[in-house]
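See below for the structure under consideration.
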Amino acid sequence: MKTWLLKPFERIAGVPALAAGLVIMTVTALLAWRAGLHTDGVLDLHFGPSVPVWQLLLQGLINWLSLALLMLLMGRLLSRTRFRTIDLLGTQALARWPMLIGVLWLSIPGIAGQIERRTASLLEAVPDDPSQVIAPAEYLLEAMWLTVLSLPALAVLVWMIWLMYHGYALVTNQRGQRAVFSFIGALVAAEIISKLLIWLLLSVDGHL
């Protein structure tokens, strides 16, 4: 079980991983659409305005391909061994499956309302004068509850990033600093590119 949760790509890759990943991304997009969630970035999951379901499906594809293609480029440049493109595409598709758990968590009745209410309460407490600070005793409980409610989503994000790294390092046969820094570079660049592409998509479709 531990291998399947943390190092699944030692057992599955290529076409099976790609097929499973695409199915999970589709289900994630459909559930996110019903819950009013957006995945408008490689690492993003938050509530937002209502958009057509096809935009949620396209967001998932943009996020996956933005990172996978950058990793493919990094792998071709840095790896000392040959690897299959389908293995990298498949592992990165399936690596996004924890996002489904994040969507399910935020879809639980009451969770979304509590997060939005407590966030709004803390934002209203922010003073207009930068020299002032929020009274800690008054808003500490709100901040603590918001942290508790957000922890599962944060844990899912960390888990997904680990799976992305594991898939990348395993497929391209990289280790150590070379793998870590090239992964971080690809991840940061993919986050920027995906957000830009999705922003352009929303602008063209008139949802901004």
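A few notes on this one:
- Residues of the range 155-193 that are of a type in the set (Val, Ile, Thr), surrounded by fewer than 19 Cβ atoms within 10 Å (Cβ to Cβ) and under 13 Å from the mean Cα position of the chain (by Cα): VAL158, ILE161, VAL188, ILE192.
- Among the residues of the range 21-53, the ones that are in a helix (DSSP H, G or I), modelled with pLDDT under 95 and under 12 Å from the mean Cα position of the chain (by Cα) come to 0 in all.
- Considering only residues in the range 150-208 that are out of contact with any Lys or Arg (no Cβ under 8 Å at 6 or more places or on another chain) and on the phi > 0 side of the Ramachandran plot, the one that is modelled with the lowest pLDDT turns out to be GLY206.
- Some residue of the range 44-53 being surrounded by fewer than 15 Cβ atoms within 10 Å (Cβ to Cβ) and under 29 Å from GLN174 (Cα atoms): no
- Of all residues in the range 75-124, those that are in contact (Cβ under 8 Å) with a residue 24 or more places away in the chain and outside any helix (DSSP H, G or I) total 8.
- Residue check, ILE62 in a helix (DSSP H, G or I), buried (at least 17 other Cβ atoms within 10 Å of the Cβ), modelled with pLDDT under 95 and of a type in the set (Val, Ile, Thr): no
The values are calculated or read from the model by the stated rules, or taken from the named source; none is laboratory data. These numbers were taken from a predicted model, which means no experiment stands behind them. Every residue, glycine as well, gets a Cβ built from its backbone with ideal geometry; the counts of neighbours run over all protein chains shown.
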